[in-house]
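What follows is a set of notes on a single structure, which appears directly below.
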Amino acid sequence: MIERVVLIKLKPEHANDEQRRMIADATAEMLPKAEGVRALRVAIAADASTRREWDICIEVVLDDIDAVERYRVDPVHRAYADEFLAPLRSKIYVYNFERHPAGE
């Protein structure tokens with residue numbers, strides 16, 4: 001299993017509690033519909049220290065590294081990333097991790 005971790009910093013005009021909640025809600029609604037998504041968790045920065053660097057964390061679980069590429073090009077994911085999220089974010093970091101059996 002692959003855990004895809006996405007860290008998002010919003011543009012200053014969107015980096016407020018109301019916008020963070022709206023984006024998290026939309027993420028939880030949209031991304032599970034993308035191909036290969038086995039599980040999804042969305043988190044909002046919990047403290048000021050974290051908010052200085054990141055506003056939202058998304059964790060997407062996919063079967064394997066090949067599924068990551070199918071997910072990346074899926075029309076649902078592309079609409080989310082390119083049309084919904086891109087205008088709101090100032091930076092994004094994405095990492096893929098292979099789950100260790102102890103974490104299952």
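Every number here is computed from the coordinates shown, using simple stated rules; none is lab data. As the structure is a computational prediction, the values presented were derived from the model and not from experiment. Virtual Cβ from ideal backbone geometry, glycine too; neighbours counted across all protein chains shown.
In segment 54-104, if the dipole is taken from +1 on Lys/Arg beta carbons and -1 on Asp/Glu beta carbons about the Cα centre, which of LEU88, ALA67, CYS57 is farthest to the positive end?
Result: LEU88.
When the label point is put 7 Å from the Cα of GLU98 along its Cα-to-beta-carbon vector, which residues of segment 55-82 have a backbone N closer than 15 Å?
Those under the cut-off are 62-68.
Longest segment of the chain with no trypsin sites (Lys or Arg not before Pro) in a DSSP loop having at most 16 other Cβ atoms within 10 Å?
In short, 39-98.
In the neighborhood of LYS9, defined by Cβ-to-Cβ distances under 10 Å, what is the net charge if each Lys or Arg adds +1 and each Asp or Glu adds -1?
Counting the neighbours of LYS9, the net charge comes to +3.
About its Cα centre, how strong a charge dipole does segment 42-104 have in debye, to the nearest 20, once Lys and Arg get +1 and Asp and Glu get -1 at the Cβ?
The dipole magnitude comes to about 360 debye.
Just add up the charged neighbours of ARG51: K/R +1, D/E -1, any other residue whose Cβ is under 11 Å from the Cβ of ARG51.
-1
To make sure I understand the rule: partners must be aspartates and glutamates, Cα under 12 Å from the Cα of LYS91, and not fewer than 8 residues away in the same chain. Which ones qualify?
GLU53, ASP55
Tell me the relative contact order for the chain as a rounded percent, counting alpha carbon contacts under 8 Å between residues six or more apart. Kindly include the intermediate steps, with their values, before the conclusion.
Working: 162 pairs, mean separation 47.7, N = 104.
Averaging sequence separation for qualifying contacts and normalising by length gives 46 percent for the chain.
So, counting K/R as plus one and D/E as minus one, what does the shell of residues with Cβ under 15 Å around VAL60 add up to?
-2
When N counts the residues of the chain, how does its alpha-carbon radius of gyration compare numerically with 2.2 N^0.38 Å, as a ratio?
Compared with the compact-globule rule of thumb, the chain sits at 1.05.
Among LEU40, LEU10, MET30, whose Cα sits farthest toward the positive end of the charge dipole of the chain (+1 at Cβ of Lys/Arg, -1 at Cβ of Asp/Glu, about the Cα centre)?
LEU10
Under the classification rounded if a/c is under 1.5, otherwise prolate if a/b is larger than b/c and oblate if not, where does segment 49-104 fall, given a ≥ b ≥ c as square roots of the Cα gyration tensor eigenvalues?
The shape class here is oblate.
Enumerate the residues in segment 83-103 having an amide nitrogen under 12 Å from the point lying 7 Å beyond the Cα of MET22 toward its Cβ.
So the set is 88.
Which FRET efficiency, nearest 0.05, do ALA39 and GLU69 yield, Cβ-Cβ r, R0 22 Å?
Calculated value: 0.75.
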